[in-house]
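The structure under discussion appears below in the form of structure tokens.
The values are calculated or read from the model by the stated rules, or taken from the named source; none is laboratory data. Keep in mind that what you see is a predicted model, and the values were worked out from it rather than measured. Counting neighbours? That spans all protein chains shown, and the Cβs are built from the backbone with ideal geometry, glycine included.
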Amino acid sequence: MTPRILFCAPASGSGKTTVTCAVLRAFLRRGLRPMACKSGPDYIDPMFHSQVLGAQSCNLDLFFFSRSVARALLARNAEHADVTVLEGAMGYYDGIAMSSDASAYDLARTTDTPSVLVVDARGRALSAAAEVQGFQSFRQPSQIAGVVLNRVSPVLYPRLAEVITRETGLPVFGYLPVMKDCVIESRHLGLVTAEEITDLQQKLDRIAQQAEQTIDLNGLLALARSAPALDPEIPALEPVTGRPRIAVARDKAFCFYYEASLQVLRDLGAELIPFSPLKDEALPENMQGLYLGGGYPELYAETLSRNETMRRSVCEAVTGGMPTIAECGGFLYLHRTLKDPSGTSWSMAGVLDAEGYPTGKLSRFGYVTLTAEGDSLLFRRGETMPAHEFHYWDSTVPGRDFLAQKPQSSRQWQAGVATETLYAGFPHFHFASKPETARRFLEQALAYGRRKRAQK
């Protein structure tokens with residue numbers, strides 16, 4: 001069995017992340033082994049889950065993955081857990097374009113997971129029941145099996161819960177009141193990252209204590225245990241011949257990675273070595289590949305620029321043929337210069353003769369399908385890959401080696417820089433959707449290592 005529930009909401013900002021973290025922390029305080037998953041491509045919410053649990057969360061994205069892969073990833077993530085808590089994205093039915101494809105609802109249906117609707121109860125009474133009933137009846141089966149109310153007063157809660165159950169037949173599993181001292185700040189790419197909140201653990205303990213008092217944790221556990229068995233087939237990956245050592249940038253400037261995507265590299269035999277472009281003097285020694293993920297390099301542009309030895313180390317490695325993946329923020333770090341939020345321009349690694357600059361708005365946003373214009377490190381001409389863009393900074397040279405096509409839309413553009421040894425561009429992707437790209441990366445890393453040893 002795989003006990004599991006999914007917290008969803010009518011819209012973003014309803015309090016899904018707060019409720020999810022409160023329940024996860026409360027389960028942990030009970031001595032349970034909870035795990036977490038996030039619907040969609042979001043990087044930041046899983047960081048909060050990880051801070052709650054001390055273990056990694058997993059993205060489950062039905063644009064990136066087939067339904068069988070999504071079920072397999074869920075089963076693998078939940079293998080040693082007492083209960084798994086999934087968190088939806090946006091509104092429950094909000095998927096690609098104006099469809100429910102790849103929505104939290106789609107994920108709940110695909111994984112047979114009972115959903116709990118988190119309703120922001122501020123400024124409403126009977127209308128809350130109407131909203132719940134609307135979501136309950138919009139699709140059948142809706143998977144909605146209960147409600148949690150957020151930002152509701154203790155005085156109003158009993159009457160509001162009673163009317164919701166009377167009108168909809170759904171149980172209400174409790175509530176969280178307004179907790180101003182537990183607000184988690186936002187910035188241009190969403191919530192600030194977990195490691196940037198110095199009192200995060202104290203905030204999480206406060207909301208967990210509140211959940212223990214006002215949320216029916218036993219009821220949620222019983223609902224989770226009512227979920228049917230998954231029994232998916234988990235495909236095994238044949239490792240490459242060798243153990244390539246891959247340097248992975250991990251610090252406050254580069255923190256956007258899908259853990260299950262990194263796990264594909266490990267499953268294929270890679271050893272992932274973390275390093276910090278902010279603090280370390282150079283790349284780790286004896287590396288055969290480089291992975292520069294997304295994040296917030298624009299917020300740390302001055303510090304990155306002043307670390308001249310690291311910039312030089314990265315430039316020499318990439319221009320010297322080390323197989324490299326640079327997504328979004330990593331792509332900007334390879335630029336000649338990068339402007340910070342004030343407009344000040346700072347020197348970066350200088351691999352690409354381009355400047356990164358703020359646009360003040362989302363430049364290109366959402367899911368895309370990449371089609372390779374030619375053979376390169378990861379792709380063969382004509383191959384496609386599901387990907388995701390989300391950035392407020394743009395580049396004077398965003399690349400032209402892929403056609404990026406919005407799903408269910410005629411909108412398209414050219415993107416990305418691809419050579420025999422480099423993928424660099426704003427689109428992020430997930431190796432679990434196409435493991436052969438990860439294999440190509442690692443095989444080229446091994447070949448690079450052999451060439452370097454032969455030169456000594």
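The residue list 402, 390 contains one member that is modelled with pLDDT of 95 or more and hydrophobic (A, V, I, L, M, F, W, C), which is 402. Just one of the numbered conditions (1) closer than 21 Å to residue 21 by Cα; (2) touching an Asp or Glu at 6+ places or on another chain (Cβ under 8 Å); (3) among the hydroxyl-bearing types (Ser, Thr, Tyr) is not true of residue 68: (1). Within segment 214-244, being of a type in the set (Lys, Arg) and either touching a helix residue (DSSP H, G or I) at 6+ places or on another chain (Cβ under 8 Å) or closer than 30 Å to residue 178 by Cα (or both) holds for one residue alone: 225.
The single condition among (1) of a type in the set (S, T, N, Q); (2) under 27 Å from the mean Cα position of the chain (by Cα); (3) surrounded by fewer than 23 Cβ atoms within 10 Å (Cβ to Cβ) that residue 324 does not meet is (3).
Within segment 22-49, residues that are at positive phi sit with their Cβ atoms under 9 Å from residues that are in a loop (DSSP other than H, G, I, E, B) and polar (S, T, N, Q), at 6+ positions apart or across chains, in these pairs: 40/103. Against the test of being among the hydrophobic types (A, V, I, L, M, F, W, C), surrounded by fewer than 24 Cβ atoms within 10 Å (Cβ to Cβ), in the same structural domain as residue 208 (by TED's automatic domain parsing) and assigned to a helix (DSSP H, G or I), the options 62, 28 yield a single qualifying residue, 28. For segment 69-84, the candidate set comprises residues that are in a loop (DSSP other than H, G, I, E, B) and among the charged types (D, E, K, R); within that set, the residue that is surrounded by the most Cβ atoms within 10 Å (Cβ to Cβ) is 82. Taken together, the residues in segment 246-283 that are crowded, with 19+ Cβ neighbours inside 10 Å and in a helix (DSSP H, G or I) amount to 6. Does segment 283-294 include one or more residues that are in contact with a strand residue (DSSP E or B) (Cβ under 7 Å, 6 or more places away or on another chain) and under 16 Å from residue 44 (Cβ atoms)? Yes, some residue in segment 283-294 is in contact with a strand residue (DSSP E or B) (Cβ under 7 Å, 6 or more places away or on another chain) and under 16 Å from residue 44 (Cβ atoms).
Can you confirm whether residue 79 is within 25 Å of residue 217 (Cα to Cα), without any contact (Cβ under 8 Å) to a residue 12 or more places away in the chain and either of a type outside the set (Ser, Thr, Tyr) or touching a Lys or Arg at 6+ places or on another chain (Cβ under 8 Å) (or both)? Taking the combined requirement at face value, the residue satisfies it.
How many residues are more than 19 Å from residue 104 (Cβ to Cβ), polar (S, T, N, Q) and part of a loop (DSSP other than H, G, I, E, B) if we restrict to segment 119-153? Of the residues in that region, 1 qualify.
Inside segment 287-327, residues that are at pLDDT 95 or above and part of a loop (DSSP other than H, G, I, E, B) make up a count of 8. Scan segment 382-398 residue by residue and report those that are in contact (Cβ under 8 Å) with a residue 60 or more places away in the chain and surrounded by 17 or more Cβ atoms within 10 Å (Cβ to Cβ). Matches in segment 382-398: 386, 388, 389, 390, 391, 393, 395. Going residue by residue through segment 362-381, is there one that turns out to be among the hydrophobic types (A, V, I, L, M, F, W, C), touching a Gly at 6+ places or on another chain (Cβ under 9 Å), in contact (Cβ under 8 Å) with a residue 60 or more places away in the chain and surrounded by 18 or more Cβ atoms within 10 Å (Cβ to Cβ)? Checked against the condition, which is being among the hydrophobic types (A, V, I, L, M, F, W, C), touching a Gly at 6+ places or on another chain (Cβ under 9 Å), in contact (Cβ under 8 Å) with a residue 60 or more places away in the chain and surrounded by 18 or more Cβ atoms within 10 Å (Cβ to Cβ), segment 362-381 yields no hits at all. Of all residues in segment 337-349, those being under 26 Å from residue 323 (Cβ atoms), in contact (Cβ under 8 Å) with a residue 24 or more places away in the chain and either out of contact with any His (no Cβ under 8 Å at 6 or more places or on another chain) or assigned to a strand (DSSP E or B) (or both) number 2. Within the option set 424, 432, 445, being in a helix (DSSP H, G or I), surrounded by 23 or more Cβ atoms within 10 Å (Cβ to Cβ), within 21 Å of the chain's Cα centre (by Cα) and of a type outside the set (S, T, N, Q) holds for one residue only, 432. Selection within segment 399-421: residues that are farther than 27 Å from residue 298 by Cα and not small (Gly, Ala, Ser). The member of this set that is surrounded by the most Cβ atoms within 10 Å (Cβ to Cβ) is 407. When each of 194, 208, 229 is tested for being touching a Phe, Trp or Tyr at 6+ places or on another chain (Cβ under 7 Å) and modelled with pLDDT under 95, the lone residue that passes is 194.
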